Amino acid sequence: MVDVFAEGFEQSEAQLDFSHVANVGERKYLSDEVPDYGSLVSAKLNVPGPIKNNQYLSSVFEKGFTDFLKDFEVKKRIVWDIATGPQAFAIIGADAQMVKNAAIIFENHNPLGALFNIDVYIVHGDTLGVLNREDLKMRPRESVYKDAKTLEEKRKIVCKLINENIEF
């Protein structure tokens, strides 16, 4: 069994905050390119602890995001494989509600989906708004880590999910 967290560089809160600010900026920049009746997707991994990226996590992200996008007309795809964790953006030629429903199905039923946060945005003029599960009258997402009490227990959950679903 591969220990997914055996390598990688620990990230500080400041580095993670900077990455979040960059993510927000990229979404705003890309919003101008979203076609009418299209949507903007922002995806990242939800992994515990200060190590957010390495060869294993990058592979998981690439496989999962590619699986998620396979049924959509992707107008533009951008992937950031950075130390604070892989992130991606996609402009999709499909209604945001349809894309959000697909994201929920992916997060709930794909073997690796539990490790992903996929946000779907609606663009109206200069306004960029996230479409939430609550907007679709769906219950909030249940955390894959709900029974874990420690970082080590959370990491074991991640390692198990990855090792059961990807061969390195």
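Values quoted throughout were computed directly from the atomic coordinates according to the rules given, and no laboratory measurement underlies them. Everything quoted here is computed from the prediction, not taken from an experiment. Note: ideal-geometry Cβ built from the backbone for every residue, glycine included; neighbour counts use all protein chains shown.
Nearest 0.05, what FRET efficiency do Ala148 and Ser59 give at R0 = 35 Å with Cβ-Cβ as r?
0.95
Enumerate the residues in region 35-57 having an amide nitrogen under 20 Å from the point lying 7 Å beyond the Cα of His20 toward its Cβ.
Within reach of a label on His20, which here means backbone N under 20 Å from a point 7 Å along Cα→Cβ, region 35-57 contributes 41-53.
Taking every DSSP beta bridge with both residues inside the chain, roughly what % is antiparallel (nearest 5)?
So the antiparallel bridges in the chain amount to around 100 percent.
Regarding region 21-81, what is the average projected area of its C-alpha convex hull, in nm²?
Averaged projected hull area, Cα only: 4.9 nm².
Please work out the C-alpha center-to-center distance from region 1-70 to region 73-133 and express it in whole Å.
11 Å
Going through region 1-71, which trypsin sites (Lys or Arg not before Pro) have at most 12 other Cβ atoms within 10 Å and a DSSP loop state?
On the way: sites: Arg27, Lys28, Lys44, Lys52, Lys63, Lys70; in loops: Lys52, Lys70.
Of the trypsin sites (Lys or Arg not before Pro), the ones in loops of region 1-71 whose Cβ has at most 12 other Cβ atoms within 10 Å are Lys70.
Relative to a virtual label point 7 Å from the Cα of Lys70 in the Cα→beta-carbon direction, which members of region 29-45 show backbone nitrogen distances below 17 Å?
none
For the pairs Lys76/Lys149; Lys44/Lys146; Lys100/Lys160; Lys70/Lys149; Lys75/Lys154, flag any whose C-alpha to C-alpha distance is greater than 29 Å.
Values: Lys76/Lys149 39 Å; Lys44/Lys146 19 Å; Lys100/Lys160 27 Å; Lys70/Lys149 35 Å; Lys75/Lys154 36 Å.
Pairs exceeding the cut-off: Lys76/Lys149; Lys70/Lys149; Lys75/Lys154.
Hey, got the Cα dimensions of region 87-147 along the principal axes, in Å, largest first?
42, 24, 17
I'd like the FRET efficiency for Val79 and Asn46, computed as 1/(1 + (r/R0)^6) with the beta carbon distance as r and R0 of 22 Å, rounded to 0.05.
0.85
Could you work out, for the chain, what percent of all Cα-Cα pairs fall into each 5 Å distance bin, beginning at 0 Å and stopping at the bin that holds the largest distance?
Histogram of Cα-Cα distances, whole percents per bin: 1, 8, 18, 20, 21, 16, 10, 4, 1, 0.
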